[in-house]
Structures are given as C-alpha cells and as structure tokens.
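A short worksheet on the structure shown next.
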Amino acid sequence: MASSKRSFGPHILVLLLVVACVIALPNDWKPWAPKILKPDVHLGLDLAGGTQLDFRISEDELVRRKDVLNQEIEAMKAADAAGEAILLKQNELFSVEEQHRNIVEAIRTVLERRINSLGVSEATITPSYFGDEKHLLVECPGIVDKEKCLKTVGKTIQLEFKEQFTGEETGYAEEMRARANKSFAEATKEGGSLQRVGEDLSDQLGISYFDERTLYVNDLPQGLESIASMQPGDSVRRTEGSIQSVQQNDDGTAELIEIPGIYLTEVLVPRLPTERPVSSPDEALKAVSASVAGSTVKTENAVNLATLPSYVQSVIAASEIGSLTETKADDGAPALVYIAGKTESVRKMGASHILVQYQGAERADPTVTRTKAEAQTRANELKAQLDAGTAFATLARAESDGPSKAKAGSLGTIAAGVMGTAFDNVAFSLPVGGVSNVTETPFGFHIIRADKASFEEGGTASYTALTAPQGTDVAALKGQIEENKVMTKDDAVVVRSIFFSLRPTGWKDTALNGQRFRSASVTVDPTTNIPVVQIQFDEEGGKIFQELTKRNIGKPIAIFVGGEMVSAPTVQTEIIGGTAVITGSRTYEEARTLAQDLNTGAIPAPIFLSGQTTVEATLGKTALHQSVIAAGIGLVALSVFLLAIYGTLGVIAVIALALYVVLLVTAIKLPLLLISNQYIVLTLAGIAGLILSMGMAVDANVLIFERIREELKKGKLIKTAVETGFKRAWPSIRDGNFSTLITCAILFMIGTSIIKGFSVALSIGIITSMFTAVVLSRWMCRKLAASPLGEKMSAPRS
C-alpha cells in the first residue's frame, strides 16, 4: 500500500506541472484552452501605463468637531447637566476620536473599492506622511485617462443632513469672523498655505473657495479692488466686501442680492491684458461691427413696435427674448438682430354693458338675491326693451348691477382679457354701436355695446441690430457670437481666494452624516413615479434620524451629497426605522449613479489632489519588453554556466530552472494563495525581485551540486552522494533563504509601494526557487542515480 502511495504522488506532481505549463503559456498561444486556464498577468503602473494620484487627507473638520464636542462637554459639566446626557456626548466624542485615528485606513478602503470599480485588478494605495499631513498615493494601472481616474477615485462623496438655521444673524457673523481670522492666521504663518486652508474649508456651509479664478479689473467684486496692484508672492490679504447672488423669493421671482463677507486672497498671476469672450450678444454685435468694414449697428431700448423697421418687427414677432436671428434688412442687406426684451401689444376697445347679477356670481353685490334662472330671464326682458327702442344709457342707469351703473353702463377703454374670454369673444366681434345678445360670464348675464373700435396699444422692444455689406457671411458671425468666440481684451488678475459669508446660509450641521450610512438603493416614488434613492442607516444613525425628524416636524431637512444640496423635503411626521429618501434625481440613471457612489463608499473626510503623474501605455510596453529580454538573457547565461560547470547535473539544474520560471509565471497569474481575490501586480521593481530570486534559485543548485561533487570525490556511489549532498546543503539553503524572507517582510511593512512590490515578488520567487531546488531537483537527481547513466557517472570535473 505504501509503495502505491509513493508512485501516486509523482503522478500528481507531474499533472500539476503540466497544468502550470499551460497556465504559464501566453494566452495567444492557447485559444483552445478554457477560460480558467487563461488568466492574465496584472501589470503595474510602470509597465501597463496609467495614472498615479497623490491625495491629501483633510482633518480640519474632524478636529473642529472634536473641539466643539469638548466645549459642549465642559459647558454641560459647568451647568451640572444630567450624567446620562454628558455620557452620551462623551460617547459621541469617543466615536469621532476613533474615526480620526482610523481615517487613513477608512479612506484607503473606500478608494480601493473605487479603483476596483474601474476594472483595475489590484488597488495600489500607499499611505505617505509629509510633516503633519497625511497623504495617500493611488495608482490606477492601465487607465491613462487621468480625468476618468480622478473623477471616479477622487470624488469626495459625503452624505450630510442639515437643519434650518434659526440663530441670530449677529451670532452667526461673529462666528464666521472668528473662523476667517483663524484661517488668515493659519494661511500667513510660516509654512502656512492658503490653498491648504481653502481646501479644508471648501465643503463648509457659508464658505466658498476658489483655487484659481480669473478676475477682470473692471468687474472686481466689492472689497477686492485693491488686488489689482498685488503681485505673486505678496502676503495673503484680508478684506471685507460682498458678492452678488440670485435669491429665489417665495413667489418664484428671482432677486439680485448683496451678500457681505470676508475675503482672504492671494495673487497667482499679476495684472495683465487678457482676452475674454464678450459678455453679452449685444456687446458682441458692437465688437463685430467694429471689425467688419461698412457695417452699422444700432441699439434701442423700450421703443414702440410700430416705429421699428419692418424687418425688426418681423424678427421680434417670431422670436423669443434673448434670441439672435439672421435676417435681411428692408433694403436687402444681410443683418443680425438680438432681442434684449419686449412687451407684447395689448388689444383694446371702448365698451358699455348692462349687467344682471345673481346670488353666487363672482363679485355679486351681497344685496342681490335673485337666482341664476331669474337673472337670465330678467336679462332677456331688458334685451327685448332695447330691441323695442329703449335707450341703452337709460336702461343701464335704471337696471344694471355693478359700478358701471352710475356711468350709464360705460366700461371705458378695456383691454382684452380683463373681462374674461366669453366677454371678449362677443365684445371684440361687435361693430361700433352694435349691441350683443345676452352673454353669460362668471359675473352674471351681460348685454354688451361696442362704443369704440378695437386697436393695438403698448408693444415695445429693446434690441440691437447689425447690418452688413452685401456678401458678408452673417451666419458665420452669428456662429462666433453663439460660441462665445468674439473676444475682447481687459486687464485681469488670477487669484486664489476664500470668501466667508456673513449672512446665514439657512442651514446648520447635525450629527447625522455618512458615518452612519449602511446602504443605498433605487426605488420609484409611488406618487410621482420619479426615481429616488433610499438610504439605510445603522442602529445609532436610525436613532439620530428619528430625533432629527421629531424636532423638525413641519420644517425642511436638507440632504447634501458631496457638498451640494440634492433635496430639502419637509418633515411630515417623526420617522422611525432609520430609512431616508434622497429625491432630486431626474432620471433612473442619475439615481442609480448616486446610489452606486454611496455604496462604493462615502469618504469620511475630504480629500484633495496634491499631485498627479501619467505614464503612457507605450512607455510601459517598452519597459516590459526590455524587462522580458533582460530576464531571457539572464536565463540563457545561467543555463550555459550550469551546463559548463556541472555537466549532467547541470542538465537537471537547467530543467529545474525552467520549471522555476513556469511555476513563477503561474503564481503571478493566479490569485494569491489560490483563495484570495487579490492578485500580484507586476512592476519593474517586482521584475527586479523575480530576476534576483532566479539567481538565488541557481545558488541553491550550486550549493547542492558542490556537496554532491565532494561526496563523489570521496568515492561514494552517486545515490549516496545525492542524499548526503542534499542533506548537508539544506542548512545553508534554509538559512540564506529564510533570512532573505525576513528581510522581505520588513521591507513590506515599512517600505513604499515600489519597495513592497519588490519584496512580494522576491518572496514568491524565493519560495518557488526553494521548491524547485530542494523538491524537484532532488526528485530528478534520485531518478538519475537509479538509472544506468547514474551508475556510470564519474565525479564532475574539477
């Protein structure tokens, strides 16, 4: 039975080696093989090309939250608050502190999931520290489109719930001034940076950060007039001013408002003449006219339509406000007309009426008690009297209801639409002096007389018209204007700035954010049939959400994603269960993308791009080609050496070396330990480690064969020499390789991504080399010793 087992083992080994050989072959050579036997080699950034991004982690918000919680705890202790309330606040502080301690690993995990979503087989993310700054170096192998990589990997998805701000404006302004002063001190201290301060504050309510912004000297916001004379390298300047913003009123109208605030500004590029697109089409027409010989331009504001040239009237009648229209002037010249504004003309006429109201009619006098049927009968009787020759004015003064009774029924000049559609349809169709039949409107029953013929009144327009000489391609000019290609030169400066608004934004932070988030899914609102994103919180988040909705019944709660408000629903009732809905997605795809972003991972702290490097795929391909050639030359040189020195034993060493290469390529292609979904990412440093391990594999064979040769020189049989040689060489092989493996482990723990790649590749190469040198070479040497050739072997040459 033992003999059967011994013979079964080698067959299994040979079968595994055959499978390894198939896996190691290039995939192009084996189209017949099943997919499981065709795994790919996963190349790193330097071999496949791709993008490396350096992200700085902002800890400012976490530090601020800890400071606020500490202050609240001290205030509660000073006020002898309940111990349970203080304990809850201390637990919240402990949670934030724990989050701060684990922030690097938390963000690394999120970024790793995002890289995997790009189709990259192995996320290469390395923490790095520069002074007190925490960075993550992110490699996206194979993705040369850095914008795609940055858009997916670097977006800061933060989920926040905010309440309406109900504090006093003065308190808010004082708090914002304090934050501006603190930020100014941080930006101007030695080693400080306005960019870093701005990035850390960029997602805060009431604070706007512009990393690079071109400001034209003629249009500088209030408070920034002095920066026109600043130079790059000047100290950060603190000024007070304002910005203009459009506010939506409750009635739906828009209003331009001034928002006071504090600017922190530094100049990146000094005042220089800079080209910019002309700001409006009417100004663009004037600029074009100056460049087209023989052209003229005319601008008029609020001009009566009747006085305009007929071609302008035609354009205004057929076009909307803000349109730029290509046409021909009255003399046939090519022209462009821009409509800045217009008011439609109103159709008017002179009319009188006799009105018979009834109880319940619109604007009926409270003293009217007749029914609708009675009112209609009375109106018909009055119409009969008119037909019999009774004067209209006499009857109106005696019988009409409403204010016009005192004026003998006269309504004066009326505009279409004032009396309603039913009244207009009859009145405007009457000839002058004509009297209508009884006409019903919501106000009652009318007998209408036309006193004056209808006419148009009041139409105006504001426009700019360019006329050009015959042959001018005005279509091309129109295209330039619509594509913002008409340029002008104005002095401009490029600045970096932070604006602290001294007017409350209307929202304040709450304890509920993405840290309590668990999952997101797309559902359809049963009422509107619009896709929404349903999110689920953990147990603690559910309690916070319940308390948040409880104290905000009848008030809105704003949902912010990535610093932007996506919805502000009004709370109808206390919500129990920890489930919320984000509305605002216009399409299912938009909702699905939002849900995917949240599930991929809400980053627990803002991250900012500090640097980026792109390696083109062609450079990586060249590096890989050269590395393969170098490895091939090394293999050939080692094989020649072994054959020349050890003869027949050298043949065994060469076979073992070839099997080492096969097993090594197989190990690189397969998942780590065959049970993980992680793969080895091959880099230039990794290839260096593999080539080094190849030398160590040969070194093991050299040690073994030298021991065997010593035993043969003593006159021992080949079989005995093989066993003794392997036994005596093993301690040296073991100690040398294990000491190298320990070094690799140390390099992996403390090294950068490049060093880690080198250490992993070298470790796998060493383990593979030990297997081929100690197991496979020994098995082949035993087979050789048992063969007729082994019995005839003499000692190797000196």
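The values are calculated or read from the model by the stated rules, or taken from the named source; none is laboratory data. No experiment lies behind these values; they were computed from the predicted model shown. In this analysis, Cβ positions are derived from the backbone assuming ideal geometry, glycine residues included, and neighbour counts consider all displayed protein chains. Just the protein is used for accessible areas: all its heavy atoms, side chains included, with ligands, DNA and RNA removed. Shrake-Rupley method; radii C 1.70, N 1.55, O 1.52, S 1.80 Å.
Annotation: per residue accessible area for the stretch 682-795 equals 49 Å², rounded to a whole number [probe 1.4 Å, protein chains only]. The C-alpha atoms of the chain define a longest principal axis, and helix 103-117 lies at about 90 degrees to it. Using a probe of 1.4 Å on the protein chains alone, the accessible area found for LYS452 is around 100 Å². Check cross-link reach from LYS38 to the lysines: straight Cα distance under 30 Å, and skip same-chain residues fewer than eight apart. Cα-Cα hits under 30 Å: LYS30, LYS146, LYS148, LYS621, LYS669, LYS756. Can you pick out the pairs among LYS89/LYS555; LYS286/LYS342; LYS298/LYS452 whose Cα atoms lie more than 28 Å from each other? Pairs exceeding the cut-off: LYS298/LYS452.
Against the main long axis of the alpha-carbon atoms of the chain, helix 753-770 sits at an angle near 40°.
Loop-only check: which GluC sites (Glu not before Pro) in the stretch 420-486 are DSSP coil with at most 10 other Cβ within 10 angstrom?
Details: sites: GLU440, GLU456, GLU457, GLU482, GLU483; in loops: GLU483.
Answer by residue number: GLU483.
Going by accessible surface with a 1.4 Å probe and the largest first, ARG347, ARG238 read ARG347, ARG238.
For a protection proxy built on the mean count of beta-carbon atoms within 10 angstrom, sort 16-27, 639-650 highest first, please.
Values: 16-27: 14.8, 639-650: 16.8.
With the highest mean Cβ count within 10 Å placed first, the list reads 639-650, 16-27.
A 1.4 Å probe run over the protein chains yields, for the stretch 307-409, 53 Å² of accessible area per residue, whole-number rounding.
Just to verify a number: FRET efficiency for LYS489 and ARG347, C-beta to C-beta distance, R0 = 51 Å, to 0.05? Walk me through the intermediate numbers first.
Numbers: r = 49 Å, r/R0 = 0.96.
About 0.55, to the nearest 0.05.
Centre-to-centre, using Cα atoms only, the stretch 685-755 and the stretch 311-335 are separated by 89 Å. Most tightly packed first, judged by the mean number of other beta-carbon atoms within 10 Å of their residues, the peptides 572-585, 529-542 read 529-542, 572-585. Placing unit charges on the Cβ atoms of the charged side chains and taking the dipole of the stretch 196-238 about its Cα centre, the candidate lying farthest along the positive direction among SER235, ILE207, LEU220 is SER235. Using only the alpha-carbon atoms, how far is helix 372-387 inclined from the longest principal axis of the chain? Give it as 0 to 90 degrees, nearest 10. Approximately 50 degrees, to the nearest 10. Cross-link partners of LYS407 among aspartates and glutamates, defined as those whose alpha carbon lies under 14 angstrom from its own and excluding same-chain residues fewer than eight positions apart: GLU399, ASP451.
Using the heavy atoms of the protein chains alone and a 1.4 angstrom probe, what is the accessible area of the stretch 440-530 per residue in square angstrom? Kindly include the intermediate steps, with their values, before the conclusion.
Working: 4240 Å² over 91 residues.
With the other protein chains kept in place, the stretch 440-530 gives 47 Å² per residue.
Round to a whole number: what % of the accessible area of the chain belongs to carbon and sulfur, probe 1.4 Å? Display every interim value, and only then the final one.
Numbers: 22920 of 41460 Å².
Summing carbon and sulfur atoms, their accessible area is 55 percent of the total for the chain.
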